[in-house]
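Shown next, in structure tokens, is the structure this report addresses.
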Amino acid sequence: MFRFLFRSVGLLCLAAAFSLVVYDGTKSIAGNALYLTSVRALWELINPASLAKLQPLIGRYAGGVLWDPAALTVLQAPAFALLGLFGILFLLLGRRRKPLIGYERD
């Protein structure tokens, strides 16, 4: 059950990452410059209110140290890279384990 869920989420993340690569590629070709959609831009497009609530939440529990170097770096990263990383991780979590040869599983 969980393997199916992990594989489904992983495939959806990889599909979204691929569509963002195509979107950024066509935008870059049309503009004669490199355009990359950041995680912040994608998040603001989907739900800007939750992004505005994130900074006080992280600042309250972890202080300003976690927000400035860590969270801002993640928010400035290309969205296709982060979605691709999540997709690969979910697919690895959902893969079937190889059977042991010559040993009995308990």
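The values are calculated or read from the model by the stated rules, or taken from the named source; none is laboratory data. Predicted model only: the values in this text are computed from it and were never measured. Neighbour counts run over all protein chains shown; Cβ positions are idealised from the backbone, glycine included.
Here are some notes:
- Those residues of the range 89-106 which are modelled with pLDDT under 90 and not hydroxyl-bearing (Ser, Thr, Tyr), in sequence order: 95, 96, 97, 98, 99, 100, 101, 102, 104, 105, 106
- In the range 1-25, residue farthest from residue 87 (Cα to Cα) [restricted to those that are buried (at least 17 other Cβ atoms within 10 Å of the Cβ) and without any contact (Cβ under 8 Å) to a residue 60 or more places away in the chain]: 24
- Here the range 41-83 is the region considered, the condition is being within 16 Å of residue 20 (Cα to Cα) and surrounded by fewer than 16 Cβ atoms within 10 Å (Cβ to Cβ), and the residue that is nearest to the chain's Cα centre (by Cα) is 81.
- Screening the candidates 29, 88 for the property of being more than 13 Å from the chain's Cα centre (by Cα) and of a type outside the set (Lys, Arg) yields one hit, 29.
- Hits in the range 48-88 - residues which are at pLDDT below 80 and β-branched (Val, Ile, Thr): 65
- Subset of the range 66-103 (residues that are of a type in the set (D, E, K, R) and free of Cβ contacts under 8 Å to residues at least 12 places away in the same chain): 68, 97, 98
- Take the conditions (1) under 23 Å from residue 8 (Cα atoms); (2) in contact with a helix residue (DSSP H, G or I) (Cβ under 6 Å, 6 or more places away or on another chain); residue 36 misses just one of them, which is (1).
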